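First comes the structure, then the notes that go with it.
The values are calculated or read from the model by the stated rules, or taken from the named source; none is laboratory data. In this text the structure is predicted, and so the values were computed from the model without any measurement. Glycine gets a Cβ as well: all are built from the backbone with ideal geometry, and neighbour counts include every protein chain shown. To get the accessible areas, we keep the full protein, side chains included, count just its heavy atoms, and leave off ligands, DNA and RNA. Shrake-Rupley method; radii C 1.70, N 1.55, O 1.52, S 1.80 Å.
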There are 2 protein chains.
Amino acid sequence: MKHKSDIEIAQEAVIKPIREIAGQLDILEDEIEQYGKYKAKLSLDLLKRKQDAPDGKIILVTAINPTPAGEGKSTVTVGLGQALNLLGKKAVIAMREPSLGPTMGIKGGAAGGGYSQVIPMEDINLHFTGDLHAITAANNALSALLDNHIHQGNEKGIDPRRITWKRVMDLNDRALRNVIVGLGGPVNGTPREDHFDITVASEIMAILCLASGLDDLKKRLADIVVGFTYSKEPVTVGELGFQGALALLLKDALKPNLVQTLEHTPAIIHGGPFANIAHGCNSLLGTKMAAKLGDYVVTEAGFGADLGAEKFLHIKTRAGGFEPAAVVIVATVRALKMHGGVKKDQLQEPDKEAMLAGASNLAKHIESIQQFGLPYTVAINRFTSDADEEIEALLDWCAAHSHPAALSEVWEKGGAGGMELAEKVIQTIAENKNQFSHLYDLADSIEAKVEKVAKTVYGAKAVEFSSKAKKQLKEYDGYGWSNLPVCMAKTQYSLSDQPELIGRPEDFTLTIRELKPSIGAGFIVCLTGDIMTMPGLPKKPAALGMSVNADGKAAGLF
Amino acid sequence: MKHKSDIEIAQEAVIKPIREIAGQLDILEDEIEQYGKYKAKLSLDLLKRKQDAPDGKIILVTAINPTPAGEGKSTVTVGLGQALNLLGKKAVIAMREPSLGPTMGIKGGAAGGGYSQVIPMEDINLHFTGDLHAITAANNALSALLDNHIHQGNEKGIDPRRITWKRVMDLNDRALRNVIVGLGGPVNGTPREDHFDITVASEIMAILCLASGLDDLKKRLADIVVGFTYSKEPVTVGELGFQGALALLLKDALKPNLVQTLEHTPAIIHGGPFANIAHGCNSLLGTKMAAKLGDYVVTEAGFGADLGAEKFLHIKTRAGGFEPAAVVIVATVRALKMHGGVKKDQLQEPDKEAMLAGASNLAKHIESIQQFGLPYTVAINRFTSDADEEIEALLDWCAAHSHPAALSEVWEKGGAGGMELAEKVIQTIAENKNQFSHLYDLADSIEAKVEKVAKTVYGAKAVEFSSKAKKQLKEYDGYGWSNLPVCMAKTQYSLSDQPELIGRPEDFTLTIRELKPSIGAGFIVCLTGDIMTMPGLPKKPAALGMSVNADGKAAGLF
């Protein structure tokens, strides 16, 4: 049987006017700004009005180390939200918004899948409500103002060779990774090396996602370090006086966006920072608003639990002063087989033994979540290629180790395919005592924080800092940056910093190559190995199959 | 008396819900998509439903050669629309949308001024409904796909040295004028020289403004020439197969935007191509929609009548198959004084004689409009610094030459300050027989078309083509491009191609330095001198004074 494509399912769906969805959530007429009939921005006044209302329980969806195709974390997030609603619970989904780059490149779309999607998927995958464009504009306005400052006399003495602020583009565009700007003689600026990142890698994206309001946004923007002077002092946006204009450009982007799932479950889709050089979670304001509107909030964090969840728990919960009620760890038969040593082109073949060997990866992630003191449930996200005996063996493995687990068939069946998971999650929250605590203190040194994450969450034996990183540690301490949380930039394919170390590597040393200050976002990025912050397009980009017909209907988003 | 700033006036204004404005225009519920409470996109279905309805009369607002500060053409356009409504006429304004670059740079805003503004001015001046961002994304997606084509094997044999397609940014950013991209070795693309234009200079902006619908948009996108092969054959977007994805990115941007003026006159603000390297008019769809919704449409074209109006009359009317009912030529005392030889820093001083000498500039523009066979009215746009005797002398000059003329005080008084102008325009339309005709035929050679415009509209004695331009004329003829209209790129400060030739220069030769094919837009750009397509920021950019307070209220847009 041929399955329908995501866009076919999405375009056949009955969609409700967003005013109706908002009305069901007790959102007032004045607190919603429509963007077309099916999308809306939510006013920050809503948070003020509800400040004394109780908060819903936050369920964080994370995953094992994924295959390059991903394990369907967004799909499970949407499906679980739908399932909770089917159980009569008031659930609100809080997710990240997609980037145009991957959409035009490989993915074709990033709004869940199958019968667990957020809609209108074309809009969400293309310009949505313009948040990413606003971030691109603010990021690049900062660059233009900075280059203009230097061109007009360079009052602050900024060393053009030490500018760390990069331009961005919301595209996969490898030709922009390394560029020379300012060519053409004195009237055309000062020549210097520059780089473009993809917009979601902008520090401004991370700032937008961690800001508690407009004033905090402005303060964080002012704290951005754009580079260093000739005497190696950091230069901030605040010293240059750009934060007002940047905040003005972001004032609407800061408002969370409301849409719905295929089953009309409300979904707040807002922000989407990278899960390696940033913290990989949807916006704090989006999550907080969801918690004021629903009894349960289903949210996710990027990549596996070693990256997104760790940062959610160490960075986002601190910025927001909240804690999650439970964690769902998504595992798939095919990814576990990969961790058990099966080659990528043979993941379709049943191989129970390899899968059980690869369960060591799942076991480590469970252990990490236990160390944070949080109740959890394993969600086995079923793919059509999974053999029944593999699924059964994995459920048995969970039972044998007393891990609460449930099968997720939300891709194929929507909310109905996630009822057991939803019941298990509710039960887990009800039964288990939440003893959430952070694994490190902010007062710890940067080295100590990195070591704690590396050893406790990754299972590393030791951590090594390159000589460059060691030098930076000293400098950062001098600048007063040591009390910030760390944001690890690491491959998503392994618990270690080496993508080929599958399963549960144990005897490895994590190497910190370099540090990067994200002072506005409020963390120190610790880079292990090369992290790609501007993807490239494949030989046959998804864009080549895209179109729109005369009626305005999209084609080729899948 | 201190006058209120534009943003003070705009923020104090009573604004009606855009649904109400739409309702008054007989726009159906399903034909409007709200972007917040005060902005809306209009569905192209509206044009289909109204295809047999009569068209309103189109009034084109143009101007004499301006001072660098501009002569208030947009303000007169808004004020005249408001005045027509005060007279009980059903008027709809059709204008261009502002670019973020000048807003952050010098202008601070571009939505009319004083009591003749379109609102919400902050939104219109910042991201509005995202049209410019969509154009930026489409333009740069084309660049990314193009560089990727070359990186992945260059099947079409594109010569990287002969790529004419540039990237864009909706900012004033001189450092991006000349760049090298693709540095960093083989995995990071092919190194080549590239350039960034400001978004409004993108051919995609011109295409969006001339397209008659989605299918025409796709066709025009496919016709874009991105560069040449090693064997010097032009390469189009259609050959590369990118037009579907680009059209998809533009599907919402193609829909005109509805807002209102301070006096609730409906205004369709859509598109905004450069008035030198493009045709400088708001979108054809916006104008056509306005004509279906109003009995009078007030629209404008960029810079003076030698640039915007000439292109409106030769390019836009041809693309749309329509003709204007009348032209309003905006003149100011201060610009006429400049044309009479007064230095820029002394324009505030009364100088009747200089002004009357400078009226030769106005006389030439009137002559040009007469040659097109169109009825016209001179609008004397009053500035607070104008002396009464100057105004009187100018009115007398118009009367002496039998030019219909009226004073415009719309900046200070809103629609009430434009009643006389509105009455005069209505009278002119009623009395004069419209004998509109184009000054050149499409079948004429490119040289003949340029010569016709140069001699008839600019008053040039002769035209010279550089050797490069001569070579291009031959090549373009070979490619079959000779039957396209010409789009002149010339300084706006003089009727000639030399900015210092004020007044009415007569004995000059116009030099065509270079041609540029805009085959998707459907014209050949003829460049005289250096035309800046990426502005720079001034020493104190307007951005430095901008901010937003905790309630989301903008400050520093003026």
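Taking Cα centre as origin and charging only the Cβ of basic (Lys, Arg, +1) and acidic (Asp, Glu, -1) residues, the dipole magnitude of the stretch A:186-307 rounds to 320 debye.
Charged neighbours of A:LEU249, selected by a Cβ distance under 13 Å, balance to -3 (K, R count +1; D, E count -1). Here B:LYS288 is the anchor, and the lysines within straight C-alpha reach of less than 16 Å, apart from those fewer than 8 places off in the same chain, are B:LYS41, B:LYS48, B:LYS50, B:LYS57, B:LYS90, B:LYS255, B:LYS316. 3J(HN,Hα) along the stretch A:133-140: 5, 5, 5, 4, 4, 5, 4, 7 Hz, from the Karplus curve 6.51 cos²θ - 1.76 cosθ + 1.60 with θ = phi - 60°, whole Hz, x for Gly and Pro. Each Lys and Arg Cβ is given +1 and each Asp and Glu Cβ -1; about its Cα centre, the stretch B:131-248 then shows a dipole of about 240 debye. Inter-copy label distances at A:THR229, shortest first and taken from points set 7 Å along Cα to Cβ: 5.7 nm. In chain B, a dipole from Cβ-located charges (positive for Lys and Arg, negative for Asp and Glu) runs towards its positive end, and of B:LEU407, B:LEU246, B:ASN148 it is B:ASN148 whose Cα lies farthest in that direction. Mean separation of Cα pairs under 8 Å and 6 or more residues apart, divided by the residue count, gives the stretch B:446-527 a relative contact order of 36 percent. With each label modelled as a point 7 angstrom along the Cα→C-beta vector, the A:GLU12-B:LYS455 pair spans 6.7 nm. Entry note, chain B: relative contact order of 21 percent, from Cα contacts under 8 Å with a spacing of 6+ residues. For B:GLN51 and B:ASN434, the FRET efficiency from 1/(1 + (r/R0)^6), where r spans their Cβ atoms and R0 equals 30 Å, is about 0.85. Where does helix A:419-431 land angle-wise versus the long Cα axis of chain A, in degrees 0 to 90, nearest 10? Computed tilt is about 70 degrees.
Put A:LEU347, A:LEU510 in order of accessible area, highest first, and with a 1.4 Å probe you get A:LEU347, A:LEU510.
Label positions at A:LEU28 and A:ALA363, each projected 7 Å from the Cα along the C-beta direction, are separated by 5.6 nm.
Between amide H atoms placed 1.01 Å from N, distances below 5 Å from A:ILE512 occur with A:GLU464, A:PHE465, A:SER466, all of them 5 or more places distant or on a separate chain. Given +1 at the Cβ of Lys and Arg, -1 at the Cβ of Asp and Glu and no other charges, the dipole of the stretch B:446-527 around its Cα centre is 140 debye to the nearest 20. The residues packed around A:ALA448, meaning those with a beta-carbon under 13 Å from its beta-carbon, carry a net charge of -2 if Lys and Arg are +1 and Asp and Glu are -1.
Just to confirm, what accessible area per residue do you get for the stretch A:370-446 at 1.4 Å probe, in whole Å²? Kindly include the intermediate steps, with their values, before the conclusion.
Details: 3530 Å² over 77 residues.
Heavy-atom SASA per residue in the stretch A:370-446 reads 46 Å².
Amide H to amide H, with H built 1.01 Å from N, A:THR229 comes under 5 Å of A:ASP159, A:VAL235, counting only residues 5 or more places away or on other chains. With R₀ fixed at 45 Å, the C-beta to C-beta distance from B:ARG19 to A:GLU323 puts the FRET efficiency at about 0.60. Net charge in the neighbourhood of A:ALA319 (other residues with Cβ under 11 Å of its Cβ; Lys, Arg +1, Asp, Glu -1) is +4. In chain B, the DSSP-assigned H stretches of four residues or longer account for a calculated mean residue ellipticity at 222 nm of -9500 deg cm²/dmol, using -39500 (n - 2.57) per stretch and the full residue count as denominator. Ordering B:PRO186, B:THR265, B:SER212 by the projection of their Cα atoms onto the charge dipole of the stretch B:127-271, which places +1 on the Cβ of Lys and Arg and -1 on the Cβ of Asp and Glu, puts B:PRO186 at the extreme positive end. At the residue level, A:LYS540 shows approximately 150 square angstrom of accessible surface with a 1.4 angstrom probe and all protein chains present. Going by accessible surface with a 1.4 Å probe and the largest first, B:ARG192, B:ARG49 read B:ARG49, B:ARG192. Counting only DSSP beta bridges whose two residues both lie in chain B, roughly 45 percent are antiparallel. Peptide A:248-259 has a mean of 4 when you count, residue by residue, the C-beta atoms of other protein chains within 10 Å of its C-beta. Residue-wise HN-Hα couplings along the stretch B:475-485, as the Karplus relation 6.51 cos²θ - 1.76 cosθ + 1.60 with θ = phi - 60° gives them from phi, are 4, 4, 4, x, 7, x, 9, 6, 8, 8, x Hz; Gly and Pro carry x. Shown is the FRET efficiency for B:GLU464 and A:SER466, computed with R0 = 51 Å from the Cβ-Cβ distance and rounded to the nearest 0.05: 0.20.
Quote the total accessible area buried by chains B and A together, excluding ligands, DNA and RNA, probe 1.4 Å, nearest 100 Å². Could the numbers behind the result be given before it?
Working: alone 21820 and 21800 Å², together 37620 Å².
So the total buried area for this chain pair works out to about 6000 Å².
For the stretch B:224-248 and the stretch B:344-400, what is the separation of their Cα centres, given in Å? The stretch B:224-248 and the stretch B:344-400 have Cα centres separated by 47 Å.
For a straight C-alpha distance cut-off of 16 angstrom, the aspartates and glutamates reachable from A:LYS433 (same-chain residues fewer than eight places away being disregarded) are A:GLU323.
Looking only at the protein assembly as shown, where both bridge partners belong to it, what percent of the DSSP beta bridges are antiparallel (to the nearest 5)?
On the way: 60 of 134 bridges.
Of the beta bridges lying entirely in the protein assembly as shown, close to 45 percent run antiparallel.
Rolling a 1.4 Å probe over the protein heavy atoms leaves A:LYS413 with an accessible area of roughly 100 Å².
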